[in-house]
1. Give me the one-decimal nm value for the distance between modelled label points at A:VAL255 and A:LYS218, 7 Å along each residue's Cα-to-Cβ direction.
2. How far apart, in nm, are two points set 7 Å out from the Cα along the Cα-to-Cβ line at B:SER246 and at B:GLU122?
3. Ranking B:ARG30, A:ARG130, A:ARG191 by Cβ neighbours within 10 Å, fewest first, what do you get?
4. Return a whole-number percent for the relative contact order of chain B, with Cα pairs under 8 Å and 6 or more residues apart as the contact set.
5. Excluding residues fewer than 8 places away in the same chain, name every one of the aspartates and glutamates whose C-alpha is closer than 15 Å to that of A:LYS218.
6. Indicate the gyration tensor shape class of chain B (rounded, prolate or oblate), computed on the Cα atoms with a ≥ b ≥ c the square roots of the eigenvalues: a/c under 1.5 is rounded; otherwise a/b larger than b/c is prolate and the rest oblate.
7. From other protein chains only, count the Cβ atoms within 10 Å of every residue's Cβ in B:87-99, then give the mean.
8. Remind me, relative contact order of region A:8-264 in percent, using alpha carbon pairs under 8 angstrom and six or more residues apart?
Amino acid sequence: MDFSIFGYQFMQNAILSAFLGGIACATIGVFVVLMHMPFIGVCMAHAAFAGALLGLWLGFNPLVGAFGVSLLSAAIIGPLADRGELSPETSIGVIFSLMLGLAFLFMGLMPGTKSGALELLWGSILTNTRSDIILLGIVAVVVVSLVFLFFKEIQATIFNRDTALAVGIPAALFLYGILFLTGATITASLRSIGGLLIFSLILNPAAAAYQLTYNMKKMFLLSAAFGVLSGWVGLLFSYFFNLPSGATIVVTSSVIFLIAVVFSPKRKVKGWQSKPLQEEQP
Amino acid sequence: MDNELIVIDNAVVSYREDIALRGVSLKVARGEFIGIIGPNGAGKTTLLTVVNGMGKLLDGKVRVLGHYLTPGNGHSLRKKVGYVPQVQNIDPRMPICVREVVMIGRYGILGLFRRPGKSDYEIVDEALELVGMSELAQRPIGHLSGGELQRVAIARALAQQPELLLLDEPTASLDWKAQSDILELVKMIHNTRFLTTLFVTHDLSCLPVACDRVVLMKKGTIWGEGSPDELLTDINLSRLYDMPVSVVEKRREKALPVN
Ligand SMILES: Nc1ncnc2c1ncn2[C@@H]1O[C@H](COP(=O)(O)OP(=O)(O)OP(=O)(O)O)[C@@H](O)[C@H]1O
Ligand SMILES: [Mg+2]
């Protein structure tokens with residue numbers, strides 16, 4: 001294999017993007033998996049996509065549009081989920097369908113070619129520029145440091161919102177914070193991974209980590225590691241076999257998940273063979 | 001120092017369609033141990049949520065530990081109130097162990113940006129010891145039985161080192177021995193720490209042993225209040241639960257065989 005490719009600027013950019021995006025998405029994934037709202041990822045991705053299209057249509061920076069609309073949907077989903085009148089998944093579903101509708105609407109309204117829109121749908125990590133990396137870097141640093149700083153509040157909120165509230169933690173605030181972070185992370189990763197595929201990079205590493213540990217800290221670390229690994233391995237496949245990078249990254253993350261399922265200690269019953277079954281009967 | 005820990009004045013709470021508390025007033029002095037009984041749906045749980053600032057007051061004034069409650073300001077109060085809820089919807093697959101769950105009780109008091117230190121771990125381990133869960137401290141929370149979860153919830157409330165303890169049917173899912181163990185435990189904590197305690201229960205036989213004062217609730221109102229021996233007569237119970245006196249007598253005889 002020829003490793004001289006690592007000398008190229010575009011490859012270095014891609015490697016760095018995969019690292020930052022992998023960490024940010026996989027960290028968000030832990031929230032998503034543990035709070036039982038897997039579809040928040042799809043919903044936010046479509047919100048970001050719709051916002052980006054709005055930007056393309058009206059001629060402002062698509063990332064600003066993506067950011068605005070995904071935060072707006074977080075602001076709608078948060079109170080709906082918090083009040084508990086609708087299950088979070090239902091409110092997410094309603095917003096998701098709205099965002100999908102808006103995306104199609106803006107696409108239809110957009111004059112000229114739709115290539116810019118399609119790029120956002122597929123993503124391309126190999127064409128990432130310096131400004132993409134800076135954005136990913138900011139989001140990754142913000143996500144990781146917030147998790148680090150507020151780990152105990154986040155842990156309590158994820159464990160049980162009522163319990164967190166009962167011990168004096170403003171649980172609703174942390175719920176909204178988590179939703180906003182999800183929106184920001186997805187926006188920043190949109191150009192690299194693409195709106196359609198980002199969901200898997202959020203869900204798969206965290207789901208894989210979930211199979212392997214009973215400890216939340218370890219789950220965050222494992223998930224981030226799997227996210228970065230998915231990005232890097234996917235990147236290699238993309239480059240050497242000339243495949244779309246978003247797709248190879250996502251397939252890699254799914255393979256990691258399957259391997260984790262196979263090796264999951266949670267599926268094994270510990271040591272039952274070693275003990276005779278008819279013990280201690282009166 | 002102010003001796004009235006809880007002052008509830010004409011509290012009204014409603015959930016969407018029906019009114020759960022219709023003008024309830026109650027005063028609790030520091031160090032009291034109060035039992036709350038009443039039929040299902042009487043408003044007992046709602047009363048506790050008013051006390052820890054989670055209930056949505058439509059009307060009335062509530063002052064607890066010197067905090068006047070208005071919506072959204074209860075966080076600093078709740079740090080000082082240990083609350084063991086009636087039902088806990090805990091995700092059995094949550095990656096968190098028993099000791100960490102009890103540590104959550106410290107999180108509110110610790111406040112933002114501070115990590116649990118050595119003294120916090122000591123408090124947590126002591127609470128686990130008290131409820132008899134030390135051996136299971138490292139178990140994932142999802143691997144516990146209902147009664148064990150209940151003990152963990154009590155340990156978490158104790159780990160808060162609260163000034164006020166609210167227990168909502170803490171013995172409901174416990175085995176026969178554990179029921180009396182927990183009751184003894186709660187009483188012991190009350191006695192040694194002089195901890196003000198509100199205790200919702202359906203177990204009438206334990207009330208006279210434990211409580212200074214009993215509050216009877218029915219249909220969103222406080223229906224009676226007084227010392228357990230005075231108040232827990234067959235006639236009162238027959239009216240509280242809407243059943244004939246003779247039936248109450250019979251059932252209570254059965255329930256209290258020895259002694
Ligand atoms: N979340 C809720 N939404 C709507 N109504 C509620 C809710 N919680 C309680 N209620 C209503 O408020 C009233 C009082 O309920 P509460 O839970 O305080 O009763 P309780 O005395 O604790 O009963 P139990 O002995 O069954 O625990 C009931 O009529 C109930 O139907
Ligand atoms: Mg109740």
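Computed from the coordinates by the stated procedures, all read-outs in this text should not be read as laboratory data. Predicted, not measured: the structure shown is a model, and the values here were computed from it. Backbone-built Cβ (ideal geometry, glycine too); neighbour counts: all protein chains shown.
1. Computed distance between label sites A:VAL255 and A:LYS218 equals 2.6 nm.
2. The answer from the label model is 6.3 nm.
3. Details: B:ARG30 16, A:ARG130 10, A:ARG191 26.
Fewest-to-most Cβ neighbours within 10 Å comes out as A:ARG130, B:ARG30, A:ARG191.
4. Numbers: 459 pairs, mean separation 63.9, N = 259.
Averaging sequence separation for qualifying contacts and normalising by length gives 25 percent for chain B.
5. B:GLU100
6. Working: a/c = 1.78, a/b = 1.27, b/c = 1.40.
In terms of gyration-tensor shape, oblate.
7. On the way: counts 1, 3, 4, 3, 6, 0, 6, 7, 18, 11, 3, 0, 0.
The shielding value for this peptide is 5.
8. Details: 446 pairs, mean separation 82.8, N = 257.
In percent, rounded to a whole number, it is 32.
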